1. Which pairs have Cβ atoms under 8 Å, sit 6 or more apart or on different chains, and link a residue in the range 113-135 that is within 18 Å of Asn147 (Cα to Cα) to one that is open to solvent by less than 10 Å² (accessible area, probe 1.4 Å) and charged (D, E, K, R)?
2. Run down Gly188, Gly204 and say which single residue is at pLDDT 85 or above, closer than 20 Å to Leu148 by Cβ, among the small types (Gly, Ala, Ser) and part of a helix (DSSP H, G or I).
3. Assigned to a strand (DSSP E or B), open to solvent by 20 Å² or more (accessible area, probe 1.4 Å) and modelled with pLDDT of 80 or more - does that describe any residue in the range 284-297?
4. Whether any residue in the range 144-162 is over 16 Å from Leu213 (Cα atoms) and touching a residue at least 60 places away in the same chain (Cβ under 8 Å) is what I want to check.
5. For the range 89-120, give me each residue that is assigned to a loop (DSSP other than H, G, I, E, B) and more than 18 Å from Asp312 (Cα to Cα).
6. Being in a strand (DSSP E or B) and of a type outside the set (A, V, I, L, M, F, W, C) is the filter here, so list the residues in the range 121-180 that pass it.
7. Yes or no: Tyr120 under 14 Å from the mean Cα position of the chain (by Cα) and either modelled with pLDDT of 90 or more or surrounded by fewer than 24 Cβ atoms within 10 Å (Cβ to Cβ) (or both)?
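The values are calculated or read from the model by the stated rules, or taken from the named source; none is laboratory data. The structure displayed is predicted, hence computed values, not measured ones. Glycine also receives a Cβ, built like all others from the backbone with ideal geometry; neighbour counts cover every protein chain displayed. Accessible surface areas use protein heavy atoms only, side chains included; no ligands, DNA or RNA. Shrake-Rupley method; radii C 1.70, N 1.55, O 1.52, S 1.80 Å.
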Amino acid sequence: MTKRQKTILIVVGILTGIIAIVFGFGIFAAYQARNAADRMYQAVDHDGNTVNTAAADPFSILLLGIDSGGLGRDDKGRSDTTMIVTINPKKKTTTITSIDRDFLVEIVGKERHDKLNSAYSYGGVQMTIDTLENFLDVPINHYATINLQGLEDLIDAVDGIEVNNKIDFTLDGIHVPKGKVTLDGKKGLAYARMRKDDSTGDMGRQERQREVLTKVVKKLASVNTVKYYTKVLEALGDNVTTDLTWNQMLDIATNYQAALTKIVSIQIGGQGYMINDGYYQIPPYYGTLEASNQLREQLGLADNAVLSLVKDEEQRLYDDSYVEPDAGWDDATRTSNVYFGPYFEGFSSTRPTQESTEGSQAETTTTDTSASEDYDTETAGNE
């Protein structure tokens, strides 16, 4: 199978919520792939934030994992997983930014502040896009969603994935033992969803979700036959929505291969906080600003000196120059570390350089897809 043939499968993959850009679909089966793409297509309003994929312009795509369509659920659901992917072929870089579902943010169009994942239940993809564009001050050019059943089907479609599980756990009656294990769809879904038995909570779950998607990508990339073709198409067409057209998918397959050589994963960590007996994650000021500017750089936009959220009188942020993620909910932390808009005392446009900056919340992992499967990692913003 040629590189171009592989890329089409991968393009369809990324549009479905599979993190990195996959390497795998057969061009000779374009008719079936186009039918699947047509079934997935659902347009939204991007308010003029459009890009020319035929000219290989850098673009962003929102990937949502929806907690419906599986586990016996048939409701609209919420966005259990939220990632923004930016793809820049000139920089030869793809970034994947994970955003905590419990972040307390302004829900644009709802006139209230709530958990980020509630935006989808209130107003679907459109409200989620509007909310994230406001939160991170970056344009979102496209989107793709995949539901729980889709992730399970996709793992089964590639005959499972192998992981090195660090935590022995059982979720909804499904046991995943510690150590190297091959996961089928049900176990892979449990592995991606589990957080109760993980001391790092959502941070650990987000890491496993990126791992699952990356493992699927690698499985597709290694395939030299079309044995997964039919099952993968069925998994995508039945459980995925996107506003990327078939022609745009072909543009990406043709013009964006250079961006696959380096994949950077960014995770914004929050501070746990109780408000009116409800648990929320308070976004970090510097970590959010750094993540926003990394995304903006990928899209060819100028950096912002100050996080725009400080203009919102209802927004909560915390000073992450000295407090680590989820450092605690004690009274001292509540009163001294969480600030309210429109002006946050002590915040500046530049992160402090003293030793107290070890609490940086924008963590970056870089994957060189042209090298071995082992990742070289570095933490950004901890100078």
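1. Every condition considered, the pairs that remain are Leu116/Asp100; Leu116/Asp102; Asn117/Asp102.
2. On inspection, the qualifying residue turns out to be Gly188.
3. Taking every residue of the range 284-297 in turn, none turns out to be assigned to a strand (DSSP E or B), open to solvent by 20 Å² or more (accessible area, probe 1.4 Å) and modelled with pLDDT of 80 or more.
4. Within the range 144-162, none of the residues are over 16 Å from Leu213 (Cα atoms) and touching a residue at least 60 places away in the same chain (Cβ under 8 Å).
5. Across the range 89-120, the qualifying residues are Pro89, Lys90, Lys91, Lys92, Asp100, Arg101, Asp102, Asn117.
6. Selection gives His142, Tyr143, Thr145, Asn147, Glu162, Asn164, Asn165, Thr170, His175, Gly179, Lys180.
7. no
Table: residues versus (1) farther than 30 Å from Lys110 by Cα; (2) of a type in the set (Ser, Thr, Tyr).
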position: Tyr122; (1), (2): no, yes
position: Val138; (1), (2): no, no
position: Asn141; (1), (2): no, no
position: Gly150; (1), (2): no, no
position: Leu154; (1), (2): yes, no
position: Val158; (1), (2): yes, no
position: Ile161; (1), (2): yes, no
